[in-house]
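Each remark here refers to the structure printed beneath this line.
Readers should treat all values here as calculations from the given coordinates under stated rules, not as data from a laboratory. Note that the structure is a prediction, hence the values are computed from the model and not measured. Note that each Cβ is placed from the backbone with ideal geometry, even for glycine, and that neighbours are counted across all protein chains shown.
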Number of protein chains: 2
Amino acid sequence: MRARDLAKPFATVSLEADVLTAARLMAAEGAPGLIVCGADERPYTVLPGSQVLNFLIPRYVQDQPALARAFSERAWDDLRDRLVSHTVRDLLPRPADIDELPIVDQDATTLEVAAVMARMHSPLVAVVDGHDRVLGAITVSRLLTHLLAS
Amino acid sequence: MRARDLAKPFATVSLEADVLTAARLMAAEGAPGLIVCGADERPYTVLPGSQVLNFLIPRYVQDQPALARAFSERAWDDLRDRLVSHTVRDLLPRPADIDELPIVDQDATTLEVAAVMARMHSPLVAVVDGHDRVLGAITVSRLLTHLLAS
């Protein structure tokens with residue numbers, strides 16, 4: 001069994017999409033994150049949902065979550081405005097190093113996929129074809145299902 | 001809207017369960033992780049699926065995933081034996097600090113939940129009642145769905 005056989009379609013978003021589009025896609029897909037692709041359609045990184053929240057929620061509220069109870073509806077509207085005025089690229093901390101991304105080749109074995117997921121502490125890996133185009137993704141639960149059955 | 005209204009039932013596992021049981025539960029639930037509870041049924045931490053793989057896959061294979069292609073079926077059987085001979089407690093790096101866990105009270109507001117998720121970089125938070133018993137969990141996609149609709 002190779003990565004291509006385990007990969008399932010997974011939502012991708014462009015680096016230049018606004019954050020609201022990315023957040024809506026995560027919500028609609030019920031996904032914990034999205035695969036971010038560059039203009040060349042190659043995967044750039046994986047955007048975890050918590051990073052959207054990290055961008056949205058001011059640092060002082062993260063440090064003292066109980067402060068969030070005092071947030072007015074108006075303050076929340078201001079936060080939401082940030083979602084449309086920034087792109088996915090703005091959320092990403094630094095240019096990603098392709099060697100250190102949860103991405104595997106379509107011919108990777110299941111143990112190789114497991115090794116990448118373990119190393120990257122990622123709940124999913126993107127699977128790419130010979131042209132670095134995204135074929136889909138493998139989640140940790142899908143991988144475990146296969147490993148335990150084999 | 002409070003945390004209790006957003007929480008959905010979520011798989012929990014005991015600290016003393018063997019790792020195979022935990023891995024099977026993640027696979028069956030399609031979940032990226034599990035809530036780990038102590039003998040008193042209070043949440044102890046969240047176990048991400050990648051941590052199971054991290055335990056299972058030797059460090060030298062994680063460092064060089066291509067080495068996994070050379071793994072024989074026999075070697076894989078040996079790895080699987082580790083799953084039944086260790087408990088969830090063995091997987092956890094250190095006693096968890098209850099202040100630094102992705103856990104919220106049932107009365108937490110949605111923004112408070114978002115703040116905890118952002119701070120902990122967690123794709124889910126456990127929701128507990130007044131006796132610290134697990135009511136369920138809120139995933140990042142469910143939280144985003146609510147935040148974007150409100």
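Seen through its C-alpha gyration tensor, with square-root eigenvalues sorted a ≥ b ≥ c, the protein assembly as shown comes out oblate because a/c lies at 1.5 or above while a/b is not bigger than b/c. Under a Gaussian network description of chain B, with springs only between Cα atoms under 10 Å, the residue in B:Arg119, B:Arg89, B:Arg59 that fluctuates furthest is B:Arg59.
Working ranking of peptides B:139-146, A:7-14 by packing, defined as the average number of other Cβ atoms within 10 Å per residue, highest first, is B:139-146, A:7-14.
With label points defined 7 Å past Cα in the direction of Cβ, position A:Leu148 shows copy-to-copy spacings of 3.1 nm, given to one decimal and shortest first.
In this Cβ point-charge picture (+1 for Lys and Arg, -1 for Asp and Glu), region A:19-143 has a dipole of about 520 debye about its Cα centre. Just how far, in whole angstrom, is region A:1-77 from region B:1-51 if you go by their alpha carbon centroids? A separation of 23 Å, based on Cα centres.
Summary for B:Arg24: label point 7 Å along Cα→Cβ; distances to the equivalent points in the other copies, ascending, 4.3 nm. Note that region B:53-68 has calculated 3J(HN,Hα) couplings of 5, 4, 6, 7, 9, x, 4, 5, 6, 4, 6, 9, x, 4, 4, 4 Hz, one per residue in order, obtained from phi through the Karplus relation 6.51 cos²θ - 1.76 cosθ + 1.60 (θ = phi - 60°); glycine and proline are x.
Each Cα pair under 8 Å and six or more residues apart adds its sequence gap; the mean of these over the residue count of chain B is a relative contact order of 32 percent.
Applying the Karplus relation 6.51 cos²θ - 1.76 cosθ + 1.60 with θ = phi - 60° to region A:102-109 yields 3J(HN,Hα) values of x, 10, 10, 6, 4, 8, 4, 7 Hz, where x marks Gly and Pro. Couplings 3J(HN,Hα) for region A:129-146, derived from phi with the Karplus relation 6.51 cos²θ - 1.76 cosθ + 1.60 (θ = phi - 60°), are 8, x, 9, 6, 8, 6, 8, x, 9, 10, 8, 5, 5, 5, 5, 4, 4, 5 Hz, where x marks Gly and Pro.
Calculated from the alpha-carbon coordinates, chain A shows an Rg and a Dmax of 17.1, 54 Å respectively. Largest mean-square fluctuation among B:Val52, B:Val104, B:Val61, in a Gaussian network model of chain B whose springs join Cα atoms under 10 Å apart, belongs to B:Val61.
Looking only at A:Ala118, A:Ala22, A:Ala70, which one moves most when chain A is put into a Gaussian network model with springs between Cα atoms under 10 Å? In the Gaussian network model the winner is A:Ala70. Distances between copies at A:Leu92, taken between label points 7 Å from Cα along the C-beta direction, are 3.5 nm in increasing order.
Only helices enter this figure: runs of n ≥ 4 DSSP H residues, each worth -39500 (n - 2.57), summed and divided by the residues of chain A, yield -11500 deg cm²/dmol at 222 nm to the nearest 500. Between amide H atoms placed 1.01 Å from N, distances below 5 Å from A:Cys37 occur with A:Val13, A:Ser14, A:Leu15, A:Tyr44, all of them 5 or more places distant or on a separate chain.
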